[in-house]
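The values are calculated or read from the model by the stated rules, or taken from the named source; none is laboratory data. In this text the structure is predicted, and so the values were computed from the model without any measurement. All Cβ positions, even for glycine, are placed from backbone atoms using ideal geometry, and neighbour counts span all protein chains on display. To get the accessible areas, we keep the full protein, side chains included, count just its heavy atoms, and leave off ligands, DNA and RNA. Shrake-Rupley method; radii C 1.70, N 1.55, O 1.52, S 1.80 Å.
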Amino acid sequence: MTVFMNLTSVIVLLISTLVCEARLLNDTAGFVQSNGTEFVLNGSPFLFNGFNSYWMMNVAADPNQTYKVSNVFRDASAAGLTVCRTWAFSDGGNQSLQISPGLYNEPMFQALDFVVAEAKKYGVRLILSLVNNYKDFGGRPQYVQWANSSGVPVNNDDDFYNNTVIKDYYKAHVKTVLTRNNTITGTAYRDEPTIMAWELINEPRCEVDYSGMTINAWVQEMAPYVKSIDNNHLLEVGMEGFYGDSIPEKKQYNPGFQVGTDFVSNNLIEEIDFTTIHAYPDNWLAGQNDTVQMAFMQSWMTSHWNDSSTILKKPLVLTEFGMSNKDDGYSIDARDSFMNAVYSSIYDLAQHGGTFAGGLIWQLLDEGMDPYDDGYEIVLSQNSSTNSVISQQSSKMIALEHSLGI
């Protein structure tokens, strides 16, 4: 028992020291960049452990709730988590960021300003997503509805990808966010090193074209547009990793279906700086046993790591993964075991040149946030064993980062 407590103390001390270094780095360093298959910061490798908290802007919009954003950044930072992915969108309605095309809710924008400022304070870098594929928080369906209400002929939500009016709505939103001047820090978003990357769209999907070509054309248009406004920041598509038709034999790695993206061709686009995958074997392979689901997880990660290393020659990030407490047979021990296995795979693959740069667990909440429970929620202050799993991965990734930099 004494040995265990001493080991725990050493780990906590190590993480605390590294977090202090991360905060100092955040205050003085420039932008995270990509160099071939690696992320670099000040010329040295950049690896990380991270998390998703998509809700931050919406919660920060309530002055009585802003402490929850601060608490999550504080607890995440203490666990060595240095990258957070969250939404820079909320479309349609008075409580949204974008009330209608080009019309913005300033208090909501100030809430996003607060999120960026708090991330900076706690030494956490942000991946900011610019629109949703789904109707939650507006997303593609809201953009199409706006066009339809304006008399633009539309057929379905997939017109988001090819209708000129809708694409102009999206471009205008991109420009508004990227050129936003933070009312707290005084720094324009496009000049803010705390922001690690922009994400074009959360989990793009296209039902009218499963080949990946429709989304490919959209990314070919939008990625250069983003870079024309902001060439400081990294850019990624927001993909889950599904393979399309460009390399048919790759489709064997899909969980039995396609969604209209093509991991290889979509990420080959020059302005896309790194690749992303999501992984929910408990959902995608529902009804299969743990062994089958974990085997899928391993092959999913390894296949995309290999493609990113050899074909795409870009870094790879697992930007969403988790295990739901709504699954049959769920327990905290089972979730911790799943996370340990995923983290071990990330670490093992990252050792080969740093291509697999990190993973972002879905999702962290503060205490008392039941409306945001989705089955995958983790409250670090209440889940000590899971906090320990996360903290140990954080320390391993930062130690590996240092060793690769020697």
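Listing for the model above:
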{"item": "Leading residue by the ranking (most open to solvent (accessible area, probe 1.4 Å)) among those in region 176-194 that are of a type in the set (A, V, I, L, M, F, W, C) and more than 21 Å from Ile269 (Cβ to Cβ)", "result": "Ile184"}
{"item": "Check on Ile195, in contact with a Cys (Cβ under 9 Å, 6 or more places away or on another chain) and either among the charged types (D, E, K, R) or at pLDDT 95 or above (or both)", "result": "no"}
{"item": "Which listed residue, of Gly353, Gly358, Gly368, Gly375, is within 18 Å of Ser403 (Cα to Cα) and in a loop (DSSP other than H, G, I, E, B)", "result": "Gly353"}
{"item": "Residue that is nearest to Met213 (Cα to Cα), among those in region 236-263 that are under 20 Å from the mean Cα position of the chain (by Cα) and small (Gly, Ala, Ser)", "result": "Gly260"}
{"item": "Region 220-265, residues that are closer than 19 Å to Glu320 by Cβ and among the hydrophobic types (A, V, I, L, M, F, W, C)", "result": "Leu234, Leu235, Val237, Met239, Phe242, Phe257, Val259, Phe263"}
{"item": "Restricting region 320-339 to residues that are of a type in the set (Asp, Glu) and modelled with pLDDT under 95, the residue that is nearest to the chain's Cα centre (by Cα)", "result": "Asp327"}
{"item": "Ser96 being within 18 Å of Val237 (Cα to Cα) and open to solvent by less than 20 Å² (accessible area, probe 1.4 Å)", "result": "no"}
{"item": "Identity of the residue in region 39-52, touching a Gly at 6+ places or on another chain (Cβ under 8 Å) and open to solvent by 50 Å² or more (accessible area, probe 1.4 Å), that ends up modelled with the lowest pLDDT", "result": "Asn42"}
{"item": "Qualifying residues in region 261-312 (those that are assigned to a helix (DSSP H, G or I), out of contact with any strand residue (DSSP E or B) (no Cβ under 8 Å at 6 or more places or on another chain) and within 16 Å of Asn216 (Cα to Cα)) - the one most open to solvent (accessible area, probe 1.4 Å)", "result": "Leu268"}
{"item": "Region 128-139, residues that are closer than 24 Å to Asn232 by Cα and either open to solvent by 10 Å² or more (accessible area, probe 1.4 Å) or part of a strand (DSSP E or B) (or both)", "result": "Leu128, Ser129, Asn132"}
{"item": "Test: residue in region 214-222 that is closer than 15 Å to Asn162 by Cβ, open to solvent by less than 10 Å² (accessible area, probe 1.4 Å), small (Gly, Ala, Ser) and more than 19 Å from the chain's Cα centre (by Cα)", "result": "no"}
{"item": "Count - residues of region 212-256 that are within 19 Å of Ile272 (Cα to Cα) and either modelled with pLDDT under 95 or among the aromatic types (Phe, Trp, Tyr) (or both)", "result": "4"}
{"item": "In region 76-127, the residues that are part of a helix (DSSP H, G or I) and charged (D, E, K, R)", "result": "Glu106, Asp113, Glu118, Lys120, Lys121"}
{"item": "Residue, farthest from Ile127 (Cα to Cα), within region 278-319, restricted to residues that are of a type in the set (Gly, Ala, Ser) and at pLDDT 95 or above", "result": "Ala295"}
{"item": "Yes/no for Val72 being touching a residue at least 60 places away in the same chain (Cβ under 8 Å) and either touching a helix residue (DSSP H, G or I) at 6+ places or on another chain (Cβ under 9 Å) or more than 26 Å from Tyr343 (Cβ to Cβ) (or both)", "result": "yes"}
{"item": "Near pairs, Cβ below 6 angstrom, 6+ apart or cross-chain, from region 265-278 (farther than 20 Å from Met301 by Cβ) to any residue that is of a type in the set (Lys, Arg) and surrounded by fewer than 20 Cβ atoms within 10 Å (Cβ to Cβ)", "result": "Glu271/Lys227"}
{"item": "Test: residue in region 359-369 that is surrounded by fewer than 14 Cβ atoms within 10 Å (Cβ to Cβ) and either of a type outside the set (Phe, Trp, Tyr) or without any contact (Cβ under 8 Å) to a residue 40 or more places away in the chain (or both)", "result": "yes"}
{"item": "Given (1) of a type outside the set (Ser, Thr, Tyr); (2) within 25 Å of Asn383 (Cβ to Cβ); (3) out of contact with any Leu (no Cβ under 8 Å at 6 or more places or on another chain), number of the condition Trp87 does not satisfy", "result": "(3)"}
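Residue-wise test of (1) touching a Lys or Arg at 6+ places or on another chain (Cβ under 7 Å); (2) acidic (Asp, Glu); (3) open to solvent by 10 Å² or more (accessible area, probe 1.4 Å).
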| residue | (1), (2), (3) |
| --- | --- |
| Leu318 | no, no, no |
| Asp327 | no, yes, yes |
| Ile332 | no, no, yes |
| Ser337 | no, no, yes |
| Ser388 | no, no, yes |
| Lys396 | no, no, yes |
